[in-house]
């Protein structure tokens, strides 16, 4: 393997360390994983009877790295055995690499020890729960083994950020290699950076590509005033997105209509009527707008509302295409990031509605207790208006599922 300068600096810094932690801050796709694989192999092969440990956020990621290391050793008689069940590689010289997952029960992590010439690596440390990491740190105590905290950055909080901050402040036993300090253009060109900047939500670009930390609870949409445009209000609506509410408190049923050019043509939100009245109101809106398709959130109570709406549309002989949208963490991330990107690029417009503006201005990216991120309204603000718009825009011009009534 030919090393780039930023990768060579990791080896140089690591070799100078006597214990302590090396923090590596990296953008995506800059040779971070293959660097770690080579470091693990070097320590395991060059030093007999070493124990090294690599922790990834998930088992799938750990298995992928383990598989890549075994592939790199194929045909070389250095491996004594390996087990995907136990997640371990044993070398002929008595060394071993143990693979762990940040998703496993912390009580099942205890009991490991990293040897003096081994290494404990937290890969994508910003996405591993702090309490899991803290359970692993004592693995290095007996032999004063070195630790690597490696990641693309995320929030200005948590173990990885504290390692970075301690290294920046030159605190004892903390070292830093920031890949942004090196020429990465052969791996990530300026043209690619500009492409990502123009197509990704800005906060995602900041962390994934620019490799910068962001404030926890950072608002996603930024200044939305530039995309407010009432000139499309009442014009042709091609799709209507619906996020159901309970009908009480600040939990709204929100309806967002858009044309094929992604301009908002209709918005309404209500939270003061019964479920039956909500369905009657939605049917009236659909009958008024005549959208080509309607996409409704179908989680929990949404499934009941969907069935009621389906029956009501059939009874009313209203012609439209009705589609369910199941909101999971992954599907929510996709639709929200699509919406955010359209807003930041100025490729969509919204109507001047106070509920819509409140929900968008208070929408944020937040850390979770599991070490991941979530999108929600800040300070108990609901996200109904955001989700109804996000559902509509994501499903615009996509194939629909159900057709009711006679074709127009």
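Observations, loosely collected:
- Residue within region 303-317 that is within 30 Å of residue 346 (Cα to Cα) and either modelled with pLDDT of 90 or more or in the same structural domain as residue 343 (by TED's automatic domain parsing) (or both) present: no
- Counted residues, region 322-353 - those being under 30 Å from residue 312 (Cα atoms), buried (at least 16 other Cβ atoms within 10 Å of the Cβ) and more than 20 Å from the chain's Cα centre (by Cα): 5
- Hits in region 304-335 - residues which are under 28 Å from residue 280 (Cα atoms), in contact (Cβ under 8 Å) with a residue 12 or more places away in the chain and assigned to a helix (DSSP H, G or I): 304, 305, 306, 308, 309, 310, 312, 313, 314, 316, 332, 335
- Pairs where the first residue, in region 159-182, is closer than 17 Å to residue 35 by Cβ and the second is assigned to a loop (DSSP other than H, G, I, E, B), C-beta under 6 Å, 6+ apart: 179/26; 179/30; 180/211
- Candidates 284, 197 - the one that is in contact with a helix residue (DSSP H, G or I) (Cβ under 8 Å, 6 or more places away or on another chain), outside any strand (DSSP E or B) and without any contact (Cβ under 8 Å) to a residue 24 or more places away in the chain: 197
- Pairs, first part of a helix (DSSP H, G or I) in region 352-371, second modelled with pLDDT under 80, C-beta under 6 Å, six or more apart: none
- With respect to the conditions (1) within 30 Å of residue 3 (Cα to Cα); (2) touching a strand residue (DSSP E or B) at 6+ places or on another chain (Cβ under 6 Å), residue 208 lacks only one, and its number is (2).
- No other residue among 52, 44, 115, 62 is part of a loop (DSSP other than H, G, I, E, B) and surrounded by 14 or more Cβ atoms within 10 Å (Cβ to Cβ) apart from 115.
- Answer residue from region 118-140, given it is modelled with pLDDT under 95 and either outside the structural domain of residue 34 (by TED's automatic domain parsing) or in a loop (DSSP other than H, G, I, E, B) (or both) and is nearest to residue 212 (Cα to Cα) among those: 124
- Scan of region 64-119 for residues that are under 20 Å from residue 133 (Cβ atoms) and without any contact (Cβ under 8 Å) to a residue 24 or more places away in the chain, ordered by number: 105, 107, 108, 111
- Residues of region 141-158 satisfying the condition of being part of a loop (DSSP other than H, G, I, E, B) and in contact (Cβ under 8 Å) with a residue 24 or more places away in the chain: 142, 143, 144, 145, 152, 153, 154, 156, 157, 158
The values are calculated or read from the model by the stated rules, or taken from the named source; none is laboratory data. Just so it is clear, the model here is predicted, and its values are computed rather than measured. In this analysis, Cβ positions are derived from the backbone assuming ideal geometry, glycine residues included, and neighbour counts consider all displayed protein chains.
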